[in-house]
Every structure is written in structure tokens, then in C-alpha cells.
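Below: the structure, in C-alpha cells.
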Amino acid sequence: MEANVVEMPVEQKAVCMSRPSRFAPRLQERAIERLLQLAAFASVAITFGIVGVLAYESVLFFQEVSIADFLTDRQWTPLFADAHYGILPLVSGTLVTTLVALLVAIPMGSLIAIYLSEYASRKVRECVKPALELLSAVPTVVYGYFALLFVTPALQHIWPGLPGFNMLSAGLVIGFMIVPYVSSVSEDAMRAVPTYLREGAFALGATRMQTALRVVFPSALSGITAAYVLGVSRAIGETMVVAIAAGMQPTLTLNPLEPAATMTAYIVQVSLGDVPHGSVGYRTIFATGLMLLSMTLLFNIAGHVLKKRYRQVY
Amino acid sequence: MTPIQRKIARHKSLDRFFAFEGLTVMIVALLVLLALVGQLMFDGLTRLSWQFLTSFPSRFPAQAGIVSAWVGTILVMLVTALAAIPLGVGAAIYLEEYAPNNWATELIEINIANLAGVPSIVYGLMALGLLVYQFHLGQSFLTAGLTLGMLILPMVIIATREAIRSVPPYVREAAYALGATKWQTVRDHVVPYSMGSILTGMILALSRAVGETAPLITVGALSFIAFLPHPPWQEAFPFVSFEWLFDPFTVMPIQMFNWVSRPQEEFHVNAAAAGLILLAMTLAMNAVAIVIRARFRKRIHW
């Protein structure tokens, strides 16, 4: 064994010399184990906290608003005199921005992953990967600034009629933001494909592109699906970019050139105002949050199923 | 040229085109990062000054500053670190070294994987319902720090577990052979040897927390705070004061968000300047993490 070079602690604990009884250290060991176990269960407590709070406030909300209205009404105006509680406009906003983001992130992320794993030299990979990861380290509020004051004005050169708030620029920026999530996880999956599969393809006369697309990509599909799912849940839950750049108006539309609020942007909007604690308006954000959590959970479960289906064992 | 040669030539040029395409896309992604930094610098660099760093927010864009925001960020991070690191490292040690192979352990594992995918704003809603209105902690530094602590807990656990897993089993076996108990093995060997990766994980998790905005808006951050929190020290015994924990808070990203969402362009300049400092904070933390990782990797050869 190559000895590790971390220095050993200098003062060796004198436990074995002066052990008072065979009992005390055991008691201490047990106490420590219990303490660590408690720390591990703290994460379960957080989940219970999240589900509990959302469920509790949502139950109170649904005592005043029927679930059928919530899911089918086409208007979301909970803070107006003529209150409508239809979540559809917020869901459509979330879906449109997510879709735009995925149209950017999935092709770009996949291509980058293929390039880094199949074409790039070790040196390029070692340099580019951390640089790409910086893309995801940038605070989301900075991305919001970028979307509102750089991307939107740039897009307005192409579509002069584009409103100052629109889902397109928010979606595009979210897309760039999640490229590193998609590319880095997909690349890991592709590099885990054994070399002999590639060698087999090369021996049959395939080019690198054919090998990448027809051998490596399908073999790594399980891991790549996981990368896509990660991207989807990031895009759905993204808040600041849409709150800054996509507008705060709940609109039932599938046109990305229009402004529309997402579920997350609505929660931000209510939190910034002064809706009294305990009112229906206050409870709408928890019902919205529950919807948001259910959607991410749904995508995660779908991803898990797909991941299992495509799993290859070598 | 025979048909087969033509076919080969076509596939070769397709291959080159594909490589070129991959390279282009990669460069575009990196250019976006450059454009983002460039735009912030172009807009905000002239606004950076000592006055900007030491002034409170103001109705007048030229007099406004970020002192309450950066002080707030540091204090919130302090609470976050104190909440998330002991809990996360403890949980990771339990899962790697102690946990029996049963349904309870499986439950914790699934739970951590799922928590990592929960949108950050949902943590904010939970903190609003639980910490603010059930436990009556108020819209304070304590609430903000605990919220972000819960948010990064899964990241801390996952990073620490990976670090601990990379310590080879023979190190533990050697310690046991010399009569060390489980906790002695963990405390004197496993944790010190994986310290580099653990530290890296902590810093990356905290750098994520520095930029988080949404959950803190939900909890009720104020964006106009014209005073500093109570100092964490006092004249009389016991010399440390915890009054600041219950003061209303603001942080850098909240201040930036407030300025971005105003219509006046002068405030956008302030937002860009605040964004530059925020970006510098997160990138510096990432750089430190990379340096620590590289240094520890060099020192340890299994």
C-alpha cells in the first residue's frame, strides 16, 4: 500500500491504556451512533415538513375552492374582486417556458456530451468541463437580469413587436442555464460505456459519428434519460428568471412570444405583496406549490421508469 | 472513384461535420457565459465604488448601496453553514459507516435523492408555513439561514458520502485490527482522510446558497433595510449576543432582484453592480473549492 500522506494525529488517544471499565466506551459508542442516526432522519423530517405544510394549507384552500374549479377554470385571478382559481394559466406558463428551455438544453447538452466524450482530447475535456459547470454556478437572479436586459433586447431586433416581458427569452436563458446539468450527467453516462463496444463498431468500419450515435448513445440511454429528467425538474422549478423576464400576468397561452406568469413566478408575486396570513389569497401559494411539487415528482417518477427500462448491463 | 470509396468519403466528411458541430455548440455555450459576464461588467463596473459598498439602499439610485445586503449574506451564510454542515456530515457518516441494510436506511436514501430534486421555492413555502407561522421565528436571519440550510442539506450529504466512500476499506480494517472502536476509526481516520472532498462539497453547497433568491422571497425578505442588524457582540458578559438572529434580513440576490424589477434604468445599473459582486462571490467560492480539491488530491495516493 502506498502510505497516505495525511499526517497521523500526533497525540494518540490514550484510550487503550486507561480504560475505566469495559462499559463506558460502549455506552459512548452507542450514544454517538444514535446521534448520527438522528441526523440522518432529519432529512426525512424535512420531507414530512414540506408535504405536511403544503397538504395542510391546501386542504384549507380546497375547503373554499372546489378542486374541479381549480383544475378546469381558465382564469387565475385570486386577488381580484371577481376571484377565479383556475391553475391552468400558470401551468401553461410553466410548460411553455420549460419546453423552450428543453429545446435549447437537450440538443445542446447532448451534442456537447457526445463531443466531450467521443471526440475531445483529455486536455480539452479537463478544461471545458469546469468552465461549463460555472454556467450552473451563476446565481439565477443574474440570469434573470441577463434575460431581461440582454436577451430580450437582442430578440427585439429579430421580432420588433416582441413585448418587454416574454416567455421566449426566459425559456432560452433557462435552457442555457441547464445545459451543464444535461451535458455533464450525459457525458458521465457515455464514458461509462465500455470501450470494447466502440472498438467493435470501429472494426466494422463505422466512423466516430456512427459509433457515437448508433452504439454509444443507445447504450448510455439510461443515464442520459436521468440527465434529461434532471434538466426538466430544474426548468420547472426555476423561479427568478421567469419572475424577472416573463412577466407576472397569468395568461392561458401556448405562444412563447407572449408574457405569462408561471407557477413559481406567481408564488414570488404573492410573497412580495402583503397578502394577510390565513386568507384564501395566502393559501393559493401553497396550492400552487403543491401542484408544482406534484409535477416535478411526476417527471421524476417517469424518468425513473424510463431509466429502468433502458438500463443495460455489461 | 468506386461507389464504396464515395460512400466512405461521404461518411468521413459527415463525421468531420459532426465534430465541428459539437465544437461549435460547446463554444456557443461558453460564449453565453462570457456574454453574461461582459454585459454585467459593461453595465455595472462604473457603478462599483467604496460608496456603493458602504451605503444603505435609497430612493435615489446614485446614493444607494449594498452594505445591508452583503452583511446580510454573510450572516445568513453563517447560520446556514452551522445548520447544514453538522447535520449533513453526521447523516452521511451514519449512512456510510453505521446504517444497517434495512427498510429504514432505504427510506432515508430515497428521501435524500428526492429532496435534491425539490424546487427551491418549495423549501421557501415550507419555511413560511413552519418556521415563520408555526415556530414563530419571524422573518429573520434565523429563519433565512435555516431555510437555506435545509435546502443544501441533501447536497452536503451527497458530497460527504462520496468523500467518505473514497476511503478504501483496508484503512478501516487496519484501525479495527489495532483495537479502535467504530467511532475512533471514523473520527481519527475516515473523516480526516476525506476532509478535502468534504470541504469542497461544503463550499460548493454554500456557493449555491449564496445565490438562492426564491425561497428567501417566500420567507419574507425585505429589500429596503436602512440599518445593520444588532452586532454579534456586547459589552457585558457573556460578550456574544444573539439578538441579530431575530432581526429582519436582506441578502445580495434579493437586493439585486429589487433593483432589476424597477422600471428606472439607473436602478438597473445598480443591479448590474450588485450582480457583479454576487457573481464574484460565487465564482470565488467555486475557485477555492477547485483549489482545495486539487491540493488534497495531490496529497493523497491510495
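The values are calculated or read from the model by the stated rules, or taken from the named source; none is laboratory data. Predicted model only: the values in this text are computed from it and were never measured. Please note: Cβ atoms are built from the backbone with ideal geometry, for glycine as well, and neighbour counts cover all protein chains shown.
Here's the yes/no breakdown for (1) in contact with a Lys or Arg (Cβ under 9 Å, 6 or more places away or on another chain); (2) within 19 Å of A:G175 (Cβ to Cβ); (3) free of Cβ contacts under 8 Å to residues at least 40 places away in the same chain:
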| residue | (1), (2), (3) |
| --- | --- |
| A:E238 | no, yes, no |
| A:V242 | no, yes, no |
| A:A245 | no, yes, no |
| A:L252 | yes, no, no |
| A:E258 | no, yes, no |
| A:A265 | no, yes, no |
| A:V275 | no, no, no |
| A:V280 | no, no, no |
| A:T284 | no, no, no |
Among the residues in region A:116-128, are any at the interface with chain B (Cβ under 8 Å from one of its Cβ atoms), surrounded by fewer than 22 Cβ atoms within 10 Å (Cβ to Cβ) and within 14 Å of B:A29 (Cα to Cα)? yes
Looking for something surrounded by fewer than 23 Cβ atoms within 10 Å (Cβ to Cβ), within 7 Å of another protein chain (Cβ to nearest Cβ) and more than 17 Å from the chain's Cα centre (by Cα) - is there at least one such residue anywhere in region B:130-144? yes
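Quick one: which of A:I236, A:I301 is part of a helix (DSSP H, G or I), in contact with a Pro (Cβ under 9 Å, 6 or more places away or on another chain), within 11 Å of another protein chain (Cβ to nearest Cβ) and of a type in the set (V, I, T)? Give the derivation first.
Values: A:I301 fails: in contact with a Pro (Cβ under 9 Å, 6 or more places away or on another chain).
Among A:I236, A:I301, only A:I236 is part of a helix (DSSP H, G or I), in contact with a Pro (Cβ under 9 Å, 6 or more places away or on another chain), within 11 Å of another protein chain (Cβ to nearest Cβ) and of a type in the set (V, I, T).
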Can you find a residue in region A:55-67 that is modelled with pLDDT under 95, among the charged types (D, E, K, R), assigned to a helix (DSSP H, G or I) and out of contact with any strand residue (DSSP E or B) (no Cβ under 6 Å at 6 or more places or on another chain)? yes
Any residue at all in region A:163-171 that's more than 10 Å from chain B (Cβ to nearest Cβ), in contact (Cβ under 8 Å) with a residue 60 or more places away in the chain, over 22 Å from B:V118 (Cα atoms) and of a type in the set (S, T, N, Q)? yes
Can you pull out every residue in region A:288-301 that is within 30 Å of A:H84 (Cβ to Cβ) and in contact (Cβ under 8 Å) with a residue 24 or more places away in the chain? A:T288, A:G289, A:L290, A:M291, A:L292, A:L293, A:M295, A:T296, A:F299
Go through (1) at pLDDT 90 or above; (2) of a type in the set (G, A, S); (3) within 23 Å of A:V138 (Cα to Cα) for A:G247 and report which single condition fails. (1)
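A:T72: in contact with a Pro (Cβ under 9 Å, 6 or more places away or on another chain) and either surrounded by 19 or more Cβ atoms within 10 Å (Cβ to Cβ) or within 30 Å of B:L128 (Cβ to Cβ) (or both), yes or no?
Criteria not met by A:T72.
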Could you run through region B:72-96 and say how many residues are more than 8 Å from every other protein chain (Cβ to nearest Cβ) and surrounded by fewer than 18 Cβ atoms within 10 Å (Cβ to Cβ)? 3
Which residue out of B:V156, B:V167 is surrounded by 19 or more Cβ atoms within 10 Å (Cβ to Cβ), among the β-branched types (V, I, T) and not in a helix (DSSP H, G or I)? B:V167
Looking only at region B:275-291, how many residues end up being more than 16 Å from the chain's Cα centre (by Cα) and more than 10 Å from chain A (Cβ to nearest Cβ)? 1
Does A:S136 meet the test of being of a type in the set (G, A, S) and in contact (Cβ under 8 Å) with a residue 40 or more places away in the chain? yes
For region A:250-281: of the residues being in contact with a Ser or Thr (Cβ under 9 Å, 6 or more places away or on another chain) and polar (S, T, N, Q), which is farthest from the other protein chains (Cβ to nearest Cβ)? A:T253
How about region A:130-216: which helices (runs of 4 or more DSSP H) wholly inside it have at least 3 residues that are more than 25 Å from B:G211 (Cα to Cα) and under 23 Å from the mean Cα position of the chain (by Cα)? A:167-191
Regarding A:T94, is this residue among the polar types (S, T, N, Q), within 14 Å of another protein chain (Cβ to nearest Cβ) and over 30 Å from B:L23 (Cβ atoms)? yes
A:G164 is checked against (1) within 22 Å of B:V37 (Cα to Cα); (2) modelled with pLDDT of 90 or more and fails just one. What number does that condition carry? (2)
Looking at B:L75, B:L45, which is the one that is modelled with pLDDT of 90 or more and either of a type in the set (A, V, I, L, M, F, W, C) or closer than 30 Å to A:L111 by Cα (or both)? B:L75
Filter pass, A:V65 being closer than 28 Å to B:N114 by Cα, surrounded by 17 or more Cβ atoms within 10 Å (Cβ to Cβ) and more than 7 Å from chain B (Cβ to nearest Cβ): no
Testing A:R309 on (1) at the interface with chain B (Cβ under 9 Å from one of its Cβ atoms); (2) basic (K, R); (3) surrounded by fewer than 17 Cβ atoms within 10 Å (Cβ to Cβ), one condition comes back false. Which one is that? (1)
Can you tell me which residues in region B:109-129 are assigned to a helix (DSSP H, G or I), hydrophobic (A, V, I, L, M, F, W, C) and more than 7 Å from every other protein chain (Cβ to nearest Cβ)? B:I110, B:A113, B:A127, B:L128
For region B:60-118, give me each residue that is polar (S, T, N, Q) and either touching a residue at least 24 places away in the same chain (Cβ under 8 Å) or in contact with a Pro (Cβ under 6 Å, 6 or more places away or on another chain) (or both). B:S68, B:T73, B:T80
Hits in region A:78-96 - residues which are more than 19 Å from A:F286 (Cβ to Cβ) and either at pLDDT below 90 or in contact with a strand residue (DSSP E or B) (Cβ under 6 Å, 6 or more places away or on another chain) (or both): A:F80, A:A81, A:D82
Answer with yes or no whether A:P256 is crowded, with 18+ Cβ neighbours inside 10 Å, part of a loop (DSSP other than H, G, I, E, B) and modelled with pLDDT under 90. yes
